[in-house]
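The values are calculated or read from the model by the stated rules, or taken from the named source; none is laboratory data. The shown structure was predicted, so the numbers you read here are calculated from the model rather than taken from an experiment. Quick note on the areas: whole protein, heavy atoms, side chains included, nothing else; ligands and nucleic acids left out. Shrake-Rupley method; radii C 1.70, N 1.55, O 1.52, S 1.80 Å.
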Amino acid sequence: MKYIIIGLGNYGSVLAQELTSLGHEVIGADITDSRVDAIKNKIATAFIIDATEERSLDVLPLNRVDAVIVTIGENFGASIRVTALLKQKNVKHIYARSIDRVHRAILEGFNIDRILTPEEDAAFNLARQLDFGSDIDTFHIDKDHLVAKFIVPDKFVGHSLKELSLRKEFNLKLITLTRAGVVTNLLGFAVTQQTVEKLADVDMIQAGDELVCYGTDKDFQSLWKAL
């Protein structure tokens, strides 16, 4: 797939390089020479432009990519203006980074595909990790509902999924369980990797297993407290 990323600060540059490493074609754009120079050889191509100027945007193939991602964070006004210009140019799929609630509220008015909140998401995940005392990754579906993946606590080890009673006790829906296994990578080395297990085939929970569950923030809080 092809993407344009406008704003090559820390977040934008990491996103651009990660997408590239996954095999996608990424075009970057930023007003700062040094940022473009630092990444131009790591992605498909990068442009030094002031994206707040309508004519400058014309150098980018806005309507020939799968999505345009606005990752400008430090300049609130520039982010809003660039997003508005992209909408004006009928770009089909737009993602934009939000730095606070006011910024998000304005972006919501543009009816774009997705509003990115990396700082908020990182803070939320860290808070949950500290609260839970274990590694946990979360993805919000809406304000109250989320999907969480976490390493099973010691109290779960040796019990069956049925004995956990996640649905009955905490109103959490178990989506899947992953278990560490040894696989061979492209270079022929044996590496440990988590793989999805069929829930019906899981007799007992083992140390290192990961559960993926769906529920409300309140439901997950009840689980953490019970542990």
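Between helix 217-226 and the chain there is an angle of about 40 degrees, using the helix long axis and the longest principal axis of the Cα atoms.
In whole percent, how big is the carbon plus sulfur part of the accessible area of the stretch 71-195, probe 1.4 Å, protein atoms only?
On the way: 4070 of 7820 Å².
Exposed carbon and sulfur together represent 52 percent of the surface.
A viscosity of 0.692 mPa s and a temperature of 37 °C, combined with the Kirkwood radius over C-alpha pairs in the Stokes-Einstein formula, give the stretch 1-150 a diffusion coefficient of 203 µm²/s. Within the chain, antiparallel bridges make up roughly 55 percent of the DSSP beta bridges whose residues both belong there.
Return one whole number: the accessible area per residue of the chain in Å², for a 1.4 Å probe.
Values: 13300 Å² over 227 residues.
I get 59 Å² per residue for the chain.
Apply the a/c threshold of 1.5 to the C-alpha gyration tensor of the stretch 120-220 and tell me whether it is rounded, prolate or oblate. It is oblate, given that a/c is not under 1.5 and a/b is not larger than b/c. Annotation: average projected area of the stretch 7-75 is 4.4 square nanometres, based on the convex hull of Cα atoms across all directions. For the chain, take the longest principal axis of its alpha carbons; what is the angle in degrees between that and the long axis of helix 76-88, to the nearest 10 within 0 to 90? Approximately 80 degrees, to the nearest 10.
Among Val196, Val182, Val212, whose mean-square fluctuation peaks in a Gaussian network model of the chain (Cα, cutoff 10 Å)? Among Val196, Val182, Val212, the largest mean-square fluctuation in the Gaussian network model of the chain belongs to Val182.
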